[in-house]
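The values are calculated or read from the model by the stated rules, or taken from the named source; none is laboratory data. In this text, all values refer to a predicted model and were calculated from it rather than measured experimentally. Please note: Cβ atoms are built from the backbone with ideal geometry, for glycine as well, and neighbour counts cover all protein chains shown.
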């Protein structure tokens, strides 16, 4: 992953035309392997390839008018919650991320999120749709507990239809067991 | 292990008459021996100039063989009768035949053909059927399937299902197509094209409409589409996910799975989207509903007992009763037309295979030997199960007989096929 290219591109995109189609979420959390790409001192942001690097990303950035949700240095740019096999429990490592999205949604009552649950490819497509829904619901409930209103959220499932990683390795399966947080204006 | 593998490359020739040209290949794998199979001699019909290929007896013979209840008698060196009077019953009996199918094709003006066919019982030395058809070339394969249906019914007592249709989803790159094809995979017609996934197609009981789930709105939504004019309506597009449509036998209502009020739960809804009623009330996953043929019972998949299992409940709502007990993952129920059997997918040591379940006795039989089977669907006559599996990294469709001994593959090269459903 090109560490310099993406932040620069994003900064340009965001400053030039506000919200545009490409979401930083697509840059984030691709590998899920736990190898955190930490930011060098130059200020070029972290691409945070791991979900457990969340706690390290503080909240700089939005003073410049950059959408905090799209600032790679901002925890709000983290959009994926990964789940263990056959589990629908949100792991502690995502609490900062979920808290940040809840705060954003509470501060911006017009903001809406779609919580897109996913499943790995094994087994029935319809049953996997239901499993993905459970993962989406888990995130919806967590946000709800933190004060986000129901009208701001929709939990949906893609089941195994939108695999981020194909292949029958455990790594691919783990990458696909997740919920993505997507804002309504994205 | 397969004892005999028969491969018929001849179906490549059928391209000539397929409107949405598809490179189709049909492979029939017979695992068991010939015991209990009806032996039929499929004698090539007397040909007419310019007739389509392959021969009608070839197409009908493939149909019969795919059912698992028939085997072809070797024709090597035999005289080939084309009329009843020419059939030497004793000779064919000596070849081990129970029946002989013969016929003639003659060309008519305007590119039409007259087809005559006869089914002879060489044990009783009687004629069991004789039919004539006047057809345009485009009805060639349909005529062969009708011949197979007649032979099948006369010799087994059960109506054939060779003239029926199947639906499936084909994925090519990032394009999805919902297709309707003949039961043997030929004559595919695309009825939905989308850049987003389509899953769970289900024919209405009369075959005029098809329900399916489309992700074109960035979430799963249930549509019902006319197969006559292509018009469609969103039947279920509630907040959350909408999926798993199943037609009630009267064709007026569907069971669907919605998440609008809770997790995935089963609801009934009219085919026009009105009259929503929730029928499961659990804190678990309830999905993949299917109506019993009499409409009184719904079978569905639930994890309420801690693992994915199949349950049944009254279609009007009420208590559910567990149906499957073996293993920790039994999903995707399909029920036979007579209501006596379920086919579903069962996971065993990491393999997902098609299982047949006799509802009266609870007896089960694993029908397949693959590892990633999905979406079983009974033929309308309940004698064969259509399913999806993965072979060589590619999604393919297959059929398997109820004894698991005869498997056939319906596939096109270079594309992924999945989500099959058998229609009327």
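The residues of segment B:352-395 that are more than 13 Å from the chain's Cα centre (by Cα) and closer than 17 Å to residue B:168 by Cα, listed by number, are B:372, B:373, B:374, B:389, B:390, B:391, B:394, B:395. When segment B:349-359 is limited to residues that are within 14 Å of chain A (Cβ to nearest Cβ) and surrounded by 14 or more Cβ atoms within 10 Å (Cβ to Cβ), the one that is farthest from residue B:250 (Cα to Cα) turns out to be B:351. Screening residue B:169 with (1) within 11 Å of chain A (Cβ to nearest Cβ); (2) surrounded by fewer than 18 Cβ atoms within 10 Å (Cβ to Cβ); (3) assigned to a strand (DSSP E or B) gives one miss only, at (2).
Taking the conditions exactly as written (out of contact with any helix residue (DSSP H, G or I) (no Cβ under 6 Å at 6 or more places or on another chain), surrounded by fewer than 22 Cβ atoms within 10 Å (Cβ to Cβ) and modelled with pLDDT of 95 or more), does residue B:157 satisfy them or not? Even if it seems obvious, please write down each step before you answer.
Numbers: out of contact with any helix residue (DSSP H, G or I) (no Cβ under 6 Å at 6 or more places or on another chain): yes; surrounded by fewer than 22 Cβ atoms within 10 Å (Cβ to Cβ): yes; modelled with pLDDT of 95 or more: yes.
The answer is yes for residue B:157.
Is it fair to say residue B:176 is within 14 Å of chain A (Cβ to nearest Cβ), without any contact (Cβ under 8 Å) to a residue 40 or more places away in the chain and either assigned to a strand (DSSP E or B) or crowded, with 22+ Cβ neighbours inside 10 Å (or both)? Yes, satisfied. Please work out if residue B:85 is without any contact (Cβ under 8 Å) to a residue 24 or more places away in the chain, touching a strand residue (DSSP E or B) at 6+ places or on another chain (Cβ under 7 Å) and surrounded by fewer than 20 Cβ atoms within 10 Å (Cβ to Cβ). Answer is no for this residue.
Looking at segment B:361-369, can you tell me whether even one residue there is within 13 Å of chain A (Cβ to nearest Cβ) and either surrounded by 15 or more Cβ atoms within 10 Å (Cβ to Cβ) or at pLDDT below 95 (or both)? There is no residue in segment B:361-369 that is within 13 Å of chain A (Cβ to nearest Cβ) and either surrounded by 15 or more Cβ atoms within 10 Å (Cβ to Cβ) or at pLDDT below 95 (or both).
Taking segment B:317-424 as the region of interest, the strands (runs of 3 or more DSSP E) fully inside it that hold 2 or more residues being farther than 24 Å from residue B:294 by Cα are B:341-348, B:351-358, B:364-366, B:384-391, B:394-401, B:406-412, B:416-422. How many residues does segment A:80-97 hold that are over 30 Å from residue B:329 (Cβ atoms) and surrounded by 18 or more Cβ atoms within 10 Å (Cβ to Cβ)? Qualifying residue count, segment A:80-97: 1.
Could you count how many residues in segment B:216-229 are in a loop (DSSP other than H, G, I, E, B) and in contact with a strand residue (DSSP E or B) (Cβ under 7 Å, 6 or more places away or on another chain)?
First pass over segment B:216-229, keeping only residues in a loop (DSSP other than H, G, I, E, B): B:216-220, B:227-229.
With the extra rule that they be in contact with a strand residue (DSSP E or B) (Cβ under 7 Å, 6 or more places away or on another chain), the set shrinks to B:216, B:219-220, B:227.
Adding up the residues that qualify gives 4.
Please determine, by comparing only the residues of segment B:311-333 that are in contact (Cβ under 8 Å) with a residue 40 or more places away in the chain and within 12 Å of another protein chain (Cβ to nearest Cβ), which one is surrounded by the fewest Cβ atoms within 10 Å (Cβ to Cβ). Taking the candidates together, the pick is B:333. Residues being over 22 Å from residue B:386 (Cβ atoms) and within 14 Å of chain A (Cβ to nearest Cβ): count how many of those fall in segment B:192-241. Residues flagged as over 22 Å from residue B:386 (Cβ atoms) and within 14 Å of chain A (Cβ to nearest Cβ) within segment B:192-241 amount to 16. The set of residues in segment B:264-303 that are over 27 Å from the mean Cα position of the chain (by Cα), buried (at least 22 other Cβ atoms within 10 Å of the Cβ) and either in a strand (DSSP E or B) or modelled with pLDDT under 95 (or both) contains only B:265.
Give the residue, chosen from B:346, B:375, that is within 14 Å of chain A (Cβ to nearest Cβ), more than 29 Å from residue B:188 (Cα to Cα) and surrounded by 22 or more Cβ atoms within 10 Å (Cβ to Cβ). Before the answer, list the steps.
Values: B:375 fails: more than 29 Å from residue B:188 (Cα to Cα).
The conditions single out B:346.
If you check B:144, B:90, B:107, B:132, which single one turns out to be assigned to a helix (DSSP H, G or I) and without any contact (Cβ under 8 Å) to a residue 60 or more places away in the chain? Sole residue among the options that is assigned to a helix (DSSP H, G or I) and without any contact (Cβ under 8 Å) to a residue 60 or more places away in the chain: B:90.
Which of the helices (runs of 4 or more DSSP H) contained wholly in segment A:78-186 include at least 1 residues that are within 14 Å of chain B (Cβ to nearest Cβ)?
A:125-145, A:170-176
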